[in-house]
Amino acid sequence: MTILDLRSINLPDPSEHCRWASVLLRPVAGSPETLVIGVVAMNNKKAYFAKANALHRLDCLYSHAAVGTKLIVDICFSEIDEFIDHNELNFDIRHLSSGHIQIGEWRDGRGVSVEEVARRWLSGLSSLYDENQDELTLTAPIQEPVNRTASRRLKLRSDVLSAVARKKMSLADFFSEPIRRSQQHRREEGKISIDFSGSRLLANIEDAGGAQPWRTVATIKERLWDLKIARDSASPNGRREFEMLICSENPLVAPERKNSLLSELTRQADQVNLRLREFDSTEALALHIVKLEAA
């Protein structure tokens, strides 16, 4: 029988060395107030980003203003995830869209894994992290949609808002409050509804790829009328464009039916002398908004 001396066996080191840094949010410009919203940990093998998952607590601090703050955090999370996915690990605040975000001092760490180091430090540093909660909730929960069309419309507007904010954060404030709060549009009697009200563009945004074309035509006709009222009441010397922006990304109808729908919508827009623009993706629609506002 051979007796093994465990001391002679080279067991793997159960802990890993890494560097870690906190991701900081300064929600109020010019204020020293700082919140920890994440921790990045990395070594020469991998990187991991632990995110604050209790952002609903921001509602208690900032009330309605928390919507914009959560949007900043959402975009920050996406950007850091993208850096890590592309192995761009030497990023700093110059690579992030928002001036409200900072990367803290890099420190040495050690743990079972880089994931464990990041989560442990985030748990100890952040009041916006709940170690007993897995899912991350960035925006207000969406109510059960009345139908699939309503759900598509809500998702489209939210996606356009996020895409515009990634390109130019300041434009997010020009979206209507229901869009910024991820809420279904509820029309109030006697009031018009405008989705985007910028300095150069006033627009409504609708989905043209839903499964109920007749409902789409009726909805867009109503929203064109809102734009007409807004245009007719605006200063004649203004420089704003008034446009109906529609997106047909991932259509649920056949191409020939979609083309027929677009022809009818164009006819409706011509009747009120408004421009209707169609885009095949939310990114293209968002880029149009950003370019027009920069003109």
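FYI, it's all coordinate maths here, none of it is from the lab. In this text the structure is predicted, and so the values were computed from the model without any measurement. Ideal geometry is used to build each Cβ from the backbone, glycine not excepted, and the neighbour counts take in all protein chains shown.
A few remarks follow.
- In terms of distances greater than 28 angstrom between alpha carbons, the cross-link table entries LYS155/LYS291; LYS46/LYS155; LYS191/LYS258; LYS51/LYS167; LYS51/LYS155 yield LYS46/LYS155; LYS191/LYS258.
- Label-point separation, GLU105 to ASP130 (7 Å along Cα→Cβ), nm: 3.2 nm
- Between GLU241 and LEU201, LEU202, the built amide H atoms are under 5 Å apart, and every one of these is 5 or more places off in sequence or on another chain.
- Here the gap between LYS168 and SER197, fully extended at 0.36 nm per residue and compared with their Cα-Cα distance, gives a gain of 8.9 nm.
- Rounded to 0.05, the FRET efficiency of the ASP280 and VAL112 pair, given R0 = 41 Å and the Cβ-Cβ distance, is 0.30.
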